[in-house]
Amino acid sequence: MNRLQLRQTVQDDKSVRQPNSATNPSPISTRSHLARTSLFSPIHYEANYAYPLLVWLHDVASTERQLRTVMPRISLRNYVAVAVRGQDGLTGSAGPTLTSAATNFSWFQSADGIELASDLVSQSIELAQEKFHIDPRRVFLAGAGVGGTMALRLALRTPRRFAGVISLGGPLPERHLPLAAINTARQQLRVLLTQSRTDNDYHTPQLCGDLRLLHSAGIDVTVRQYPQQDYLGQAQLSDVDTWIMDQLSGKPVVDAAPVSRYDNTSRN
């Protein structure tokens, strides 16, 4: 059976397996923030196989537990996955609190919020690598809504860390130089954007503007548009699995129009 595990990393450095600091310094060992994470183990896990890793950033008013809904609809066998809890909008904390409800957690596009998100993603990747056999060349970052926007931000910021990035209903980030590493991103980062025609927060004209910007920057981008706003639905998440597997297999996406890789097909 698939296994979902909830684990809180603790601040005591002894609780984290420390690699040789001379050759592979740990991104956790010097962090002051605590990461609340959920881990997903694929069915029939094979320890000798290096799995792709999917890092999931939840939408607003959710937590790392959103992974319980996401992974059965993406794939139960293709990936190891890890989700990390965002920042508490009331306390500023990323760790568990006694008073915070799920409605408070989100990803904030401030300088401090971006740094915190980067730290938390680093911690979650290292945690997954400690627990499972992960191929470091096949780490994908994904998220929904504000989590999708933060996923785009972090992948564009450090494109060498990720094989691809997926944003479900999350527009491109603004401010704080999101395209500062564009020369590296255009060489190797692949992007999947999805949007709904009924989305009142991410309108179709904004999607088209994001697509033009990414194309003008030379980014490899695929766009999917859906008639209904159900970013965690079976059809949308199944498309995520298909897109990732295409990237892993090197299968090209056929351009059907000048606005390449734009799919405006209605889906049920």
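In this label model, N200 and E130 are separated by 4.3 nm, measuring between points 7 Å along each Cα→Cβ vector. Backbone amide hydrogens, once placed in the peptide plane, bring D201 within less than 5 Å of nothing, excluding anything fewer than 5 places away on its chain. Each of H176 and A235 was given a label point 7 Å from its Cα along the Cα-to-Cβ line. The distance between the two points is 3.4 nm.
Every read-out reported here was derived from the displayed coordinates using simple, explicitly stated rules and does not represent laboratory data. What you see is a predicted model; the values in this text were computed from it and never measured. We place every Cβ from the backbone using ideal geometry, glycine too, and count neighbours over all the protein chains shown.
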